[in-house]
Amino acid sequence: MRAWFGLAEKFDWHKARAIGPLITVAGTLIVGGLFSLAIVAAFKLLGAAVFSEVPQDGFAKFGLTGIIVAMIGAPFVVWRSVVAQKQVGLADQALTNDKMDKAVADLHAQRQVTKWSDEGVASNGWEDDITRRNGAVDRFLGLVEENNSLRPRVDRMLTVYLRELTREFPADEVPDGADLEAIRTAVEGLTRKRSDMENAVQVLSRLPRPKWVEGAERLPDLQKINMQAFDLANLALQGANLSGAQLQGANLIGAQLQGANLSGAQLLGANLSWAQLQGANLFGAQLQGANLNGAQLQGANLFGAQLQGANLSGAQLLGANLFGAQLQGANLFGAQFDADTDLRAATLRGAALRSVDLTNVPQIAEHLEGLFGDSTVTFPEGMKRPERFDIEYEDGFDFETAWRAFQRSIGQDPDDPK
């Protein structure tokens, strides 16, 4: 109720609506006006009593003595109201702290279970109570929705929780340097370690946050956290710190990661279709075999990123930094480039272009020898088209077959384009 009337410690648009503050302002003006009239009337009667006869009508009907007593007692009434308000605030804070303490306690909940040995002998033991822990994680979201000032505390608590569980349940290793087929097989075999870990990341994503701006603190801090095979579709962690995070095989469809730090993140085989990655830092990220179909990568830093065999069809690469990026065998159907897309030192050997406009990308000239494409590719004016780019294919299957044949002709294995 206090928040609705605009009396919360910090105004929260999620709870207070415009009508609340308007009523509060109107009420304050009315009460203040009446109080001012009372003061004026009291001084008028007091002056009349001292310097002249007390009038017998108007304000005198209220009683001079009563008005004087009220004037003397008014400051004490106001002080008592202030003290009562502070007591209410302290009680609310104590209640909030109590709720936080109970949620934190349930993060470590365990339950007693009966365990059986190989010989059939029963013994009592303890195991983590995943259900109660998930409930505790959900309560943190409710607490922040009630009082947004708790968000930094919840950020810290849940990230500490994830960090500790990552030590206990580390990420499975995906074969280093494996070909795409081996990577896909390894990623398909990954499973999330704990549902409460996945829930904690999802809750961190749902916490109401101010819009992240350049130079602001990167919260939450999820560096090197194990999030393998997590379902993080539509995740909203703009500006978060995900450097070195283990996200192999994760579902990040439609994720909102604008400005996020994903440098060195392990995203092998991850699904980033339609992800919002504008201005994100993907320096040195491992994205082999990742699905970036339709990803928004405008202005993203992909310096040295490992994108061998990645699906970048329809990706927005306007102004992206692909300096030194490894794009061997990548699918660039319908990808969008512009004059600010940096392709210097990038490796595009065996990559395929289709329905791509390169009119303003003169840098493409240094990569043409190893690229495959068809007649739907538009080159800068005056640039000589390789003959293979003059062919028109009837359907995608024919194009795919010709592309794979081209890769083999240049000595590249389509399953291991490195």
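Centre-to-centre separation between the Cα atoms of region 308-323 and those of region 138-166: 34 Å. For G373, the residues whose amide H sits under 5 Å from its own are L353, ignoring neighbours fewer than 5 places away on the same chain, with H placed 1.01 Å from N.
Once you have a ≥ b ≥ c as the square roots of the Cα gyration tensor eigenvalues for region 208-297, tell me rounded if a/c is under 1.5, and otherwise prolate or oblate according to whether a/b is larger than b/c. It is prolate, given that a/c is not under 1.5 and a/b is the larger ratio. Magnitude of the charge dipole for region 130-418, about its Cα centre and with charges confined to Cβ atoms of Lys, Arg (+1) and Asp, Glu (-1), is about 1300 debye. Between region 364-418 and region 268-296, what is the separation of their alpha carbon centroids in Å? That distance is 23 Å.
Each peptide in 401-409, 210-218, 244-252, 336-344 was scored by the mean count of other Cβ atoms within 10 Å over its residues; highest first, the order is 244-252, 336-344, 401-409, 210-218. Taking other residues whose beta carbon is less than 13 angstrom from the beta carbon of D413, and scoring Lys, Arg as +1 and Asp, Glu as -1, yields 0. Loop-located GluC sites (Glu not before Pro) across region 274-382 with a Cβ neighbour count of 14 or fewer within 10 Å are E381, with loop assigned by DSSP.
Where a number appears in this text, it was derived from the coordinates with a stated rule and is not lab data. Remember, predicted model here, so these are calculated numbers, not experimental data. Every residue, glycine among them, receives a Cβ derived from its backbone with ideal geometry; neighbour counts consider all protein chains shown.
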